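What follows is a short report on a single structure.
FYI, it's all coordinate maths here, none of it is from the lab. In this text the structure is predicted, and so the values were computed from the model without any measurement. FYI the Cβ positions are ideal-geometry reconstructions off the backbone, even for glycines, and counts take in every protein chain you see.
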Amino acid sequence: MSSPTAPERTLVLLKPDAVARNLRGEVLRRIEGKGYTVVEMVQRTATRDELAVHYAEHREKPFYEGLVDFMLSGPVVALVVEGHQVVQGFRSLAGATDPTKAAPGTIRGDLGRDWGNGPQENIVHGSDSVESAVRELEIWFPGS
Ligand code: DAT
Ligand code: MG
């Protein structure tokens, strides 16, 4: 017998490449088509300080500075997305981190590619665990 689960919330970011390429609607279509609910949505340019908190786990990685510069290169759209198992479910919709390797059918596999800057231009961010989602939602939607 399956056990019931509580609905979850996850943080989704449409990264500057998605906004610049007018892919907001296409990504939202996939999220809503899957049956998840967009409960908050805002477009704005991130700050270096909030990206430092958001990407704290990557601060020592060689790609960190390039990643932050890319995330500051234009506005992002931040979303609160809700549904049962949405954290894992959105990660499945997004596909693998590297858009060159992400499976066709996924957001990154269908819409992303290497533009000469490695794997960083990969269209979307999605929280990788329920704990990460709680932490990241507080950065992007404080108090919500
Ligand atoms: P994900 O976004 O799939 O959770 P991650 O948390 O490992 O991936 O990395 C965060 C972002 O950093 C990722 O979306 C793109 C960028 N990135 C990851 N690995 C990279 C690498 N080897 N070179 C350049 N950018 C990288
Ligand atoms: Mg991650």
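Approximating the spin labels as points 7 Å out from Cα along Cα→Cβ, the residue 130-to-residue 52 distance works out to 3.2 nm. If you plug the beta carbon distance of residue 88 and residue 61 into 1/(1 + (r/R0)^6) with R0 = 22 Å, you get a FRET efficiency near 0.40. Cα centroids of the stretch 75-107 and the stretch 1-74: how far apart, whole angstrom? Distance between centres, Cα-based: 9 Å.
GNM remark for the chain: springs join alpha carbons under 10 Å apart, and the peak mean-square fluctuation among 27, 134, 124 falls on 134.
For residue 40, the residues 5 or more places off, or on other chains, whose built amide H falls under 5 Å of its own are 80.
Exposed loop sites were defined as chymotrypsin sites (Phe, Trp or Tyr not before Pro) in DSSP loop states (anything but H, G, I, E or B) carrying at most 14 other C-beta atoms within 10 Å; in the chain the longest segment without such a site runs 1-62.
Placing dummy labels 7 Å off each Cα toward the beta-carbon, the span from residue 72 to residue 32 is 3.4 nm.
A straight chain from residue 39 to residue 21 at 0.36 nm per residue would run longer than the Cα-Cα distance by 4.1 nm. For the chain, the mean residue ellipticity at 222 nm estimated from helices alone is -10500 deg cm²/dmol, where every DSSP H run of n ≥ 4 contributes -39500 (n - 2.57) and the total is divided by all residues, rounded to the nearest 500. The loop-placed trypsin sites (Lys or Arg not before Pro) in the stretch 1-78, going by DSSP, that have at most 12 neighbouring Cβ atoms within 10 Å of their Cβ come out as 59.
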